[in-house]
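Below you'll find the structure, written out as structure tokens, and then a few comments.
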Amino acid sequence: MRALRGVVASAVTVLLAALAHTVAGGDAPAPLLLVAAAILAAPPAVALVGKRPAVLRTTAAVLVAQLVFHGVFLLFGSGATTSFTGGDHTHMAGHMAMTGAPIMAHDPMSLAHVVAAIVTVVMLHRGEWMLRAAGRGIHRLLPLRVVRPPHPLTVRRVRAAFRAPVPRPLLLVADIGRRGPPLAV
């Protein structure tokens, strides 16, 4: 269950981060880029989510998955072109390097990613809880019943119309009288 939870967390995070990025005015990432980011984000997400659902561990997994998404996006850009310029993320990285401060909250791109992270954490945490509750409800509504055939099955012996003769070994009477080791020559 832990691996499934981590893989789902990385995939949902990458998809919602890409959606937030596109809605905020950035280029839409290529599907292959999203798959690569989700695959790269899965191992740390699996390690962070833990055995039981917890908001802090889910938040850590979401943040790491968003960082991986941004790293892949920074390296390869939107993936729509063959350029390795990085698009808007190169500008953001340059701004952070020059000023030493993160992008301000009034930046629509940063705000969109923060909102996407919050929505992702809520969706993952409450979604798992909701799926478990729905499963328990279905289990209560549909009790496990053993299905039995309407009539008891009886096995009837069938007699063959023709019986094949059974070969019987021939008994050699002459050999019975000669028991023991052979006589000396």
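Tabulated data for the structure shown
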quantity: Qualifying residue in segment 85-95 (condition: part of a helix (DSSP H, G or I), at pLDDT 50 or above and closer than 26 Å to GLY6 by Cα); calculated: no
quantity: Single residue of ALA134, ALA116, ALA160 found to be modelled with pLDDT under 75 and either of a type in the set (Gly, Ala, Ser) or surrounded by 10 or more Cβ atoms within 10 Å (Cβ to Cβ) (or both); calculated: ALA160
quantity: Scope segment 11-38; condition closer than 16 Å to VAL114 by Cα, touching a residue at least 24 places away in the same chain (Cβ under 8 Å) and assigned to a helix (DSSP H, G or I); matching residues; calculated: VAL12, THR13, VAL14, LEU16, ALA17, ALA18, LEU19, ALA20, HIS21, VAL23
quantity: Hits in segment 1-27 - residues which are within 10 Å of the chain's Cα centre (by Cα) and loosely packed, with under 15 Cβ neighbours inside 10 Å; calculated: MET1, ARG2, ALA3, LEU4
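The values are calculated or read from the model by the stated rules, or taken from the named source; none is laboratory data. Quick caveat, the model's predicted, so the values are computed rather than measured. Neighbour counts run over all protein chains shown; Cβ positions are idealised from the backbone, glycine included.
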